[in-house]
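The values are calculated or read from the model by the stated rules, or taken from the named source; none is laboratory data. For clarity, every value in this text was computed on a predicted model and none was experimentally measured. Cβ coordinates were reconstructed from backbone atoms using ideal geometry, including for glycine residues, and neighbour counts include every protein chain displayed. Just so you know, the surface numbers come from the protein's heavy atoms only, side chains and all, with ligands and any DNA or RNA stripped out. Shrake-Rupley method; radii C 1.70, N 1.55, O 1.52, S 1.80 Å.
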Amino acid sequence: LKTSMEQEYLMSPIIVNEKMEIIDGQHRFEAARQLDLPIRFIKVRGYALSQMQQMNALSKDWGLMDHIKAHADLGNTNFKQLIRYIDEQSEDHSFATIITSLGLNGGVNFQQFKIGEYVHKKNNEIKSLKVLESLERMKPFYKGANRLNFIRAIMYLMQYDVFDVDFFIDKLSKYSAMMMDCTSRSRYIDLIEHIYNYKSRKKVSLKYLSDD
């Protein structure tokens, strides 16, 4: 967890009660504290040990689609729209479909998503479809095309004109042996850049693109 935070710190909030006792996120809190990183927290009154046990059980057993359905059942229209979009694109509620739908929404992180902080944006559906189509084209050349950090890397790079996804897929088809699983988005970007530039006269830098 600390290694992951050092590579890329997503400030996902922990949950505390009115006594500032941690209900959910103890490991994230400790790792961030040791690295001297800022910590966001959400204070919920009345939570105690029983709620902590409940939340831990849910976080282990529930998948992303379970959280989506739960918020939709509670009447959250943003999650209802998200379910509609996912149903239209994937009968089996594929992981990539869900991730691209969320990730293109201003970089919402999973902890925010789980507590219902999600706004569905119609214009992001078009972007999401292009990412999904590109990922499908990559699958024959890289079995890990459905890995979270790879999806996040491709989503990130496709925001920029300097990254030609068709050119990358062509390179990947020729040099698929160079592709391997990575533990973070940034490492995937490094590897994608290497493949993208391999045997090309004109080198393109993908590492230092701005998130702005």
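Here are some notes:
- Residues that are in a helix (DSSP H, G or I) and either touching a His at 6+ places or on another chain (Cβ under 9 Å) or open to solvent by 50 Å² or more (accessible area, probe 1.4 Å) (or both), drawn from the range 153-174: Asp166, Phe167, Asp170, Lys174
- Some residue of the range 98-106 being modelled with pLDDT under 75, open to solvent by 20 Å² or more (accessible area, probe 1.4 Å) and closer than 19 Å to Arg187 by Cα: yes
- Applying a threshold of 6 Å to beta carbon distances and a minimum spacing of six or more residues, or different chains, the list of pairs starting in the range 131-150 at a residue that is part of a loop (DSSP other than H, G, I, E, B) and ending at one that is open to solvent by 40 Å² or more (accessible area, probe 1.4 Å) and not aliphatic (A, V, I, L, M) reads Phe141/Ser173; Phe141/Ser176.
- Evaluated against (1) open to solvent by 70 Å² or more (accessible area, probe 1.4 Å); (2) modelled with pLDDT of 90 or more; (3) of a type in the set (Val, Ile, Thr), Ile126 falls short on exactly one condition, (2).
- Leu148 vs. criteria aliphatic (A, V, I, L, M) and open to solvent by 20 Å² or more (accessible area, probe 1.4 Å): yes
- Flag if Met178 is at pLDDT 95 or above and either surrounded by fewer than 20 Cβ atoms within 10 Å (Cβ to Cβ) or not small (Gly, Ala, Ser) (or both): yes
- Among the numbered conditions (1) at pLDDT 80 or above; (2) part of a helix (DSSP H, G or I), the only one that Gln51 does not meet is (1).
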